[in-house]
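So the structure is just underneath, and the comments pick up after that.
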Amino acid sequence: MQDTLFYIFSALTLLCGILVVFNPFSRNPVTSAMFLVLTIISMSGLFVLLKAFFLAAVQILVYAGAVIVLFLFVIMLLDVKEEERRRFQKFGTFMGLISVIGLAAIIINTTNQTFTIANQSEVQSIKETFNQSGAAETKPLGKLLFTEYVLPFEIVSLLLLVAMVGCILLSKRNTSKEEAK
Amino acid sequence: MEWINNLPAEQQFALFSLLKILITVFAVVLPMVAYSVVAERRISAWIQDRVGPNRVGPWGLLQPAADGLKFILKEDFTPNYVRKVYFWLAPAVSMVPALMTLAVIPFGTKIGNQNAVISDLNVGILYTFGIVSLSVYGIVLAGYASNSKYPFLGSIRSSAQMISYEIAMGMSVVPVFMLVGELNLTKVVEYQASGAWIIFKQPVAFVIFLIAAFAETNRLPFDMPESESELVGGYHTEYSSMKFALFFLGEYAAMIAVSAMMVVLFLGGWTLPFAGLNEPAESLVMGLLQIGIFIGKLLLFMGLFIWVRWMLPRFRYDQLMDIGWKRFVPLSLANIILTAIYLYFTYKK
């Protein structure tokens, strides 16, 4: 049952992911965005199969619920007609392929290194803890974030804050100058 | 009934889950949606000193059947200039999330030896927020698919409004879970059964959640997306027949879902603090009684939704954004910090 679900969800993720960037039926950016939503939902299905319920829920909440809605917002407001008329870019496709191959190489390499015979016992212990508690229960996740990984966590928060302040500063109208005029 | 007990556990689980889904959706929620439309019309008539629909059946109780028949028999008109796929997709997308939210709502303890919750997820509340946040797609797609000005403006307004109020809503429930220490909705109800309801401990959170719920379901005083006087019909201007009905019913289904969330989070779910109704049910009658209590509380909120709609005028759009971002978000942040300070000083090791 779980295996079948895994294959269904991964096939959906891949198919929808491909349709986001390479859709032979439509060059409409909104269609791409909607396929991105489907990709993310099927990916959170994969997370559920890994018992990472928290990650799955947050994935849908943040990406499908907020980020892509904003994408749609921008696409609709800008009314991107040009993109629909443009044909496939050879250079873009080429560079995309190269980055896909590079990323795949890195992932395969890391996986191979992790699962060598040398650290078989380590893999076994990871498997055991996984079976006991699930991959990412909310409580242990929170504890880890605020104890062991507190520095990276704070750095990320600071980065987000900077981005937010920057956004507000950029989009704010300079009222004092306008009044002076 | 012997054969049910003889089934393997997995099949038994699947069978009962399916049964629970069918009963909740088709026997409880959809009739409730239909009758809240009647309630809306009767209560509005009562507030405006009219009679309201009272001709179909005794006291107008068969009105939903007449309305449904009328919707089906109307011409399903698809304008020439719409984007067809999205035009068909949008009404379904606006109806489904509201029904999906109900999967994690514990509406009782036990019926026989089955839990009275479809899926006892340990991140229940995040799931509901995730699904609720998907409901914005129905409106956005409707506006985009209609390919004309009023629906487009309506959908743009609505997506901005829903995203803004989702933040306030999400942050307002954080203190609740700081008190309970769990994200599971069943645990939230158990916590309230053993003490006071959370509405008495977190009144500010409740008020913010309630108001955000009005905004999330696009009800007056926050019905910007379809404000008739400015935008004709808003996002569903181009829709007719059953497609329009799906938007219309989706709004009520969303109201029911949000009301159920409020009952579970703040009003103690299926519990009542007297006559031993705080205990998990042992007999079938008690189990059904608890579900009755839950539905009673839910109807209270539905009544409130309808009552407010006919009492208050609509906000202006900039006022709505101001309240969301400049009042509720800071207020709920302050609430989180206060709760944290309180818990820090009262925490026993």
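Throughout, read-outs are computed from the coordinates displayed, never taken from laboratory work. Values in this document were obtained by computation on a predicted structure and should not be read as measured data. Don't worry about glycine lacking a Cβ; one is built from the backbone with ideal geometry, like all the others, and counts go over all protein chains shown.
For the reader, a short list of remarks on this structure follows.
- Across the range A:34-41, rounded Karplus estimates of 3J(HN,Hα) from the backbone phi angles (6.51 cos²θ - 1.76 cosθ + 1.60, θ = phi - 60°) give 5, 5, 4, 4, 4, 4, 5, 5 Hz, Gly and Pro being marked x.
- With a 10 Å cut-off around each Cβ of B:155-164, the average count of Cβ atoms from other chains is 2.
- Taken residue by residue and averaged, Cβ atoms of other chains lying within 10 Å of the Cβ of B:135-144 number 3.
- Dipole of the protein assembly as shown [Lys/Arg +1, Asp/Glu -1 at C-beta], most positive-end residue of A:Val58, B:Asn184, A:Ile155: A:Ile155
- Span-rule helices in chain B, defined as complete DSSP H runs reaching 27 Å or more along the axis (Cα) with Kyte mean at least 1.0: B:84-101, B:241-266, B:284-309
- Full-stretch length increase - B:Ser17, B:Lys326 - with 0.36 nm per residue and alpha-carbon distance subtracted: 106.9 nm
- The Rg/Rh ratio of the protein assembly as shown, with both radii computed over alpha carbons and Rh defined as the Kirkwood radius, is 0.97.
- Protection proxy ranking, highest mean first, for peptides A:158-168, B:319-329: B:319-329, A:158-168, where packing is the per-residue count of other beta-carbon atoms within 10 Å, averaged.
- Shape call, chain B: gyration tensor on alpha carbons, a/c limit 1.5: oblate
- FRET E, pair B:Gln319, A:Leu144, Förster distance 60 Å, beta-carbon r, rounded to 0.05: 0.90
- Kirkwood Rh and Cα Rg combined as Rg/Rh, the range A:1-86: 1.05
- A Cβ-based charge dipole, computed about the Cα centre of the protein assembly as shown with Lys and Arg at +1 and Asp and Glu at -1, lands at about 940 debye.
- Shielding by partners, peptide B:122-134 (average Cβ within 10 angstrom, other chains): 6
- Taking amide H as placed 1.01 Å from N in the peptide plane, the amide H of B:Ile111 sits under 5 Å from that of B:Ala116, each at least 5 places away or on another chain.
- Ordering of B:311-318, B:94-101 by packing is B:94-101, B:311-318, highest average first (other Cβ atoms within 10 Å, averaged per residue).
- Peptides B:72-84, B:295-307, B:11-23, B:128-140 ordered by packing proxy, namely the average of other Cβ atoms within 10 Å per residue, highest first: B:128-140, B:295-307, B:11-23, B:72-84.
- Violating pairs (Cα-Cα greater than 32 angstrom) within the set B:Lys20/B:Lys243; A:Lys139/B:Lys110; B:Lys243/B:Lys326; B:Lys20/B:Lys187; B:Lys74/B:Lys149: B:Lys243/B:Lys326
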